[in-house]
Amino acid sequence: MFSDIGALELVTLVVLAVLVFGPDKLPKVIQDVSRFIRKVRDFSDSAKEDIRSELGPDFKDFEFEDLNPKTFLRKQMEQNEDLRELKELRGSFDLKKEMNDVADAVHGREPQPSAVNGSPSVGGSSGAVTSANGTPDLLKKQDKPDTTERPPYDSDAT
C-alpha cells in the first residue's frame with residue numbers, strides 16, 4: 001500500500017501529524033484511522049463476496065483485478081496458443097541478417113554466406129565497410145569503388 005513512500009517522507013508525515021494533532025491526541029487519531037481502514041476493507045470484502053455469490057458458480061474464479069484492461073489483456077495473451085507460436089516465430093527471425101541481405105541487394109553485391117555457427121563470414125565483395133565482427137556497417141559511407149569495377153548503377157541516368 002505504501003511501497004512508494006521513502007524513509008524521509010515517512011518521517012515528514014509523522015512530524016506533521018504530531019504538529020497538527022499534538023502528542024496527546026495522536027494515539028486516538030491513529031486508532032480512529034486504523035478502525036476506519038479496517039471497516040472499509042471489511043465492506044469491500046463483503047461486497048466482493050456478494051457479487052461473486054450473485055454471479056453464480058460459473059464465476060467463482062472471477063477476480064476483480066481482471067477488470068483492469070492491462071491485466072485482462074495480459075492474461076488473455078498468455079492463454080492464447082497462436083500468440084505463443086508467433087513469439088517463437090519472431091524469436092527465430094534474424095533481423096540483422098535480413099537487413100544485411102537487403103543492403104547487399106540495394107548495393108548490387110552478392111549476399112554473404114553465413115558461416116557454420118550462423119555468424120557471417122568475414123570479407124565482403126566490392127569493398128563494403130565492415131564492422132569489427134565482419135558484418136557490413138550500414139551507417140558508414142562506403143569507399144569509392146575501384147576504377148576497374150563498374151558501379152551498380154548508370155551514373156549518366158541518375
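Results, tabulated for the structure shown:
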quantity	calculated
Pairs with Cβ under 9 Å, 6+ apart, first in the range 56-71 and within 19 Å of SER44 (Cβ to Cβ), second of a type in the set (S, T, N, Q) and in a helix (DSSP H, G or I)	GLU63/THR71; GLU65/THR71
Residue satisfying condition, being open to solvent by 90 Å² or more (accessible area, probe 1.4 Å) and either touching a Lys or Arg at 6+ places or on another chain (Cβ under 8 Å) or of a type in the set (A, V, I, L, M, F, W, C) (or both), within set LEU55, LEU10	LEU10
Qualifying residue in the range 34-45 (condition: part of a helix (DSSP H, G or I), in contact with a Leu (Cβ under 8 Å, 6 or more places away or on another chain) and open to solvent by less than 100 Å² (accessible area, probe 1.4 Å))	no
Residues (modelled with pLDDT under 75 and either polar (S, T, N, Q) or open to solvent by less than 100 Å² (accessible area, probe 1.4 Å) (or both)) located in the range 87-115	GLY91, PRO111, GLN112, PRO113, SER114, ALA115
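The values are calculated or read from the model by the stated rules, or taken from the named source; none is laboratory data. Keep in mind that this is a model prediction, so the values were computed, not measured. Glycine gets a Cβ as well: all are built from the backbone with ideal geometry, and neighbour counts include every protein chain shown. Surface accessibility is based on the protein's heavy atoms, side chains included, excluding ligands, DNA and RNA. Shrake-Rupley method; radii C 1.70, N 1.55, O 1.52, S 1.80 Å.
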